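The values are calculated or read from the model by the stated rules, or taken from the named source; none is laboratory data. This one's a predicted model, so the numbers in the text were calculated from it and none came from an experiment. No Cβ is skipped: glycine too gets one built from the backbone with ideal geometry, and neighbour counts run over all protein chains shown.
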Amino acid sequence: MEINHPLVITDENTMIPIKIVFFGLGAVGSAMLICFSELAERDGVAIRFVVYVRNPDEARDALFHAEQLFEYIDFIKLSDFSSVFALEPAHEQELTGATLLVNAALPEFNGAMLELALRIGAHTVDLASDIYGAKTERTLTFAQYAYDTALRERGIAALINMGVSPGVTNFLIGRRMHDLLATDRKDLEVESIDLYLLEDIDSDSIVFSWSPVVALEELAQHPRILRDGRMLVLDPFSEAREYHFPHEASPSRQYPLYQEELLSLHRSFPEIESIGVYTGGSEVELVKALFQLNLLSKRSLPDRPEMTIEAMVRAILPGMNKPRRIEEYLRNGTIRRAHFAAAAEIRVSETVRNERQTAIETVGLSYLRYPELLNSPYAGATYIAYPTAASAAILAWHALDYLRTKSAQTLSGVITGEDLARILPRPRADAIRRDLVAWDIDLFESVRDASET
């Protein structure tokens, strides 16, 4: 069955609400739902949510400071998403009129969600891709692109890798890159893009901003960088650099990281021969210590050959704290300071006064106002989950609003943050920047001579 519907219908007497469907509602999904509701209230748009989860009580608990939204949410308990993805009759009414499908669960559901979107005519947004799959590693192409042609034919937008990083990082880099390329200066060359990330928390207890298992998998993987046009595989925590972020007293040790921005930027700007993503901060140093102590080894335990050292460490690591505990840590001072930041350095060279000169253009973001979440609907979100959720909601909201304009046909198929920066008109892109700042994600940019240290 296929369901076709307009995006939003409004007349003098009736407004059919935007319907946003969530698959999963954890730390990021719950904050994203709150942000959508705030954006809708500001813009005078009616909105409803359908939330598919295994445990509705836990989903409600994740919204424990936003209970006033419950009347706009249909919580639906499922053991898995397969019946929804199959569009079984029991779910047809729930999905009728859906405007946006959100994968707030795992990247492995991206494909099934896109197939459902093609059947019902809804747009989609996901937060990450499965970059460790064999096909992705071989082709350096996200699996979502397999649906690009069908999405374009259907007039559907699939917003992929939306969040703060990836997501806003791609948007900011894309915006600056498209501005540079628009000058059409024949001898201008973008030599490299290096993205630096900071995940730093000062706390009396170990607090994982992401799932510890996910953090271990991501940081212990062999990182990759693009250097001189070749994709290189490095040893974990090798080729470290120093980077000094705004609002930090000293430089941060940065390690290469294999993350979505690398593949996305390489696809968007294939002419750039060197691209790298680096990360650092207290959470990274914790995983590095485990790695150097050989606690992430795949070797079996001497007395238990069926269990590896890594599996044992994963089993005993503390799980991700519940929102109420996170709020308690922040309120009682256990968490003293937290800072998430991202800075992209774009190295540009051109001939000036008969000499080849190189400048470094920096664009970035900083989330340093974490204590201000107290006494807000977001209290209980981690310092990574909140900017990720707010960024994803803001990018998706502006994309949906643009889709209601006459030029909406230009926004279909697989869309990255760089694509949004290229397609959206400058006033719309500026509105996104203002909203990010309004939701406490500060932005910065600069240009300096490359000879400066």
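Would you pick out the residues in segment 316-360 that are out of contact with any Phe, Trp or Tyr (no Cβ under 9 Å at 6 or more places or on another chain), in a strand (DSSP E or B) and more than 19 Å from Arg448 (Cβ to Cβ)? The one that is out of contact with any Phe, Trp or Tyr (no Cβ under 9 Å at 6 or more places or on another chain), in a strand (DSSP E or B) and more than 19 Å from Arg448 (Cβ to Cβ): Arg336.
The single condition among (1) buried (at least 21 other Cβ atoms within 10 Å of the Cβ); (2) free of Cβ contacts under 8 Å to residues at least 60 places away in the same chain that Thr279 does not satisfy is (2).
Does Phe81 fit the bill of being modelled with pLDDT of 95 or more, surrounded by 13 or more Cβ atoms within 10 Å (Cβ to Cβ) and touching a helix residue (DSSP H, G or I) at 6+ places or on another chain (Cβ under 8 Å)? When the stated conditions are applied, Phe81 passes them.
The criterion of at least 2 residues that are loosely packed, with under 15 Cβ neighbours inside 10 Å and of a type outside the set (Phe, Trp, Tyr) is met by the following helices (runs of 4 or more DSSP H) wholly inside segment 153-269: 168-182, 212-219.
Beta carbons closer than 7 Å, at least 6 apart along the sequence or on distinct chains, pair a first residue in segment 328-346 that is among the small types (Gly, Ala, Ser) with a second that is part of a loop (DSSP other than H, G, I, E, B) and buried (at least 22 other Cβ atoms within 10 Å of the Cβ) for Ala338/Tyr383; Ala341/Phe245; Ala342/Ser165; Ala343/Phe245. Of the residues Val447, Val363, the single one that is in a strand (DSSP E or B) and crowded, with 18+ Cβ neighbours inside 10 Å is Val363.
Counting only strands (runs of 3 or more DSSP E) that sit completely within segment 29-109, those holding 2 or more residues that are touching a residue at least 60 places away in the same chain (Cβ under 8 Å) correspond to 98-103.
Of all residues in segment 125-139, those being surrounded by 15 or more Cβ atoms within 10 Å (Cβ to Cβ) and assigned to a loop (DSSP other than H, G, I, E, B) number 5. Against the criterion of being closer than 15 Å to Gln221 by Cα and small (Gly, Ala, Ser), Ser282 does not qualify. Any idea which residue in segment 329-345 is nearest to Leu172 (Cα to Cα), counting only those that are loosely packed, with under 15 Cβ neighbours inside 10 Å and among the charged types (D, E, K, R)? My answer is Arg337. All but one of (1) assigned to a loop (DSSP other than H, G, I, E, B); (2) under 18 Å from the mean Cα position of the chain (by Cα) hold for Ser376, so report the exception by its number. With respect to (1) assigned to a loop (DSSP other than H, G, I, E, B); (2) under 18 Å from the mean Cα position of the chain (by Cα), Ser376 is out only on (2).
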